[in-house]
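Colleague: My structure is below; once you've seen it, I'll send some questions.
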Amino acid sequence: MYNDLNPLPQLSDRLFLTDGGMETTFIFHQGIDLPHFAAFDLLKTAEGYQAIANYYRAYLSLAVEQRVGFVLESPTWRANPDWGSRLGYGSEALATANREAIALLHLLRQAYETPDTPIAIKHRINPGHLGILGLVAPGGNGDGGTAGRGRGRGGGGFGGVFVGGAIQKVVEAAMLDGDVLMLD
């Protein structure tokens, strides 16, 4: 089990599973509507929250059965200002959605992690998150080609701070207990 003194478990020589296409599963196999392909939007209802939890539970049960690790990747690829605004989310609502997604993954990890099944949490974000994370100064470029959007919203949301070219505090509210932050 991970703590700040141990390396990330998925970097060991152990086998780790991950899920296999949340949005595709919801849309094509379960008939769940995902406007703008945004799975995080499901978190706003109890039914959607349970759909996400149940999706992960199927994979986690397999990992426990096979005694392999698991990488729980958050459903937050679209939970950023660029896409969130298309769904009516403001910066606070996006911050809440990201926190709730990570909190759900922590609950699932508590329920399923064993010594034989270490579970890593990966908070998946895209370049549009940079503004709500406060990682790009106003007028800076770092938004992955979405010029003019997702920038300069200074620190709103998570409390991330860009100082002197280094991230001093990354996603304070969402990144708990050594989770992995992946920007892609």
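Throughout, read-outs are computed from the coordinates displayed, never taken from laboratory work. This structure is a prediction, so every number in the text was calculated from the model and none was measured. In this analysis, Cβ positions are derived from the backbone assuming ideal geometry, glycine residues included, and neighbour counts consider all displayed protein chains.
Colleague: Pull up all non-local amide H partners of LEU17: gap of 5 or more, or a different chain, and H-to-H distance under 5 Å with H placed in the peptide plane.
Modeller: GLY69, PHE70, VAL71
Colleague: On to the next question. Can you pull out the trypsin sites (Lys or Arg not before Pro) in segment 44-95 that DSSP calls coil and that have at most 13 other Cβ atoms within 10 Å?
Modeller: Numbers: sites: LYS44, ARG57, ARG67, ARG78, ARG86; in loops: ARG67, ARG78.
Counting only loop positions with at most 13 other Cβ atoms within 10 Å, the trypsin sites (Lys or Arg not before Pro) in segment 44-95 are ARG67.
Colleague: Report the gain in length on full extension from GLN50 to GLN66: 0.36 nm times residue separation, minus Cα-Cα distance, nm rounded to one decimal. Present the calculation step by step, with values, prior to reporting the outcome.
Modeller: Values: separation 16, 0.36 × 16 = 5.76 nm, distance 2.41 nm.
Taking 0.36 nm per residue and subtracting the Cα distance, the gain is 3.4 nm.
Colleague: Same structure, new question: On average over all directions, what projected area in square nanometres does segment 61-128 have, based on the convex hull of its Cα atoms? All intermediate terms of the calculation are to be shown ahead of the outcome.
Modeller: Details: hull surface 19.0 nm².
Hull-based average projected area comes out at 4.8 nm².
Colleague: Can you work out the PRE-style zone for ALA111? Point 7 Å along Cα to Cβ, and I want the residues of segment 42-65 with backbone N under 12 Å.
Modeller: Of the residues in segment 42-65, 49-61 have backbone N under 12 Å from the label point off ALA111.
Colleague: Which one, GLY88, ALA53, VAL68, projects farthest toward the positive side of the charge dipole computed for segment 23-97 from Cβ point charges (K/R +1, D/E -1)?
Modeller: VAL68
Colleague: Additional query: Taking the beta-carbon count within 10 Å as an exposure proxy, list ASP33, ASP116, ASP41 from fewest neighbours to most.
Modeller: Working: ASP33 8, ASP116 12, ASP41 22.
By the 10 Å Cβ count, ascending, the order reads ASP33, ASP116, ASP41.
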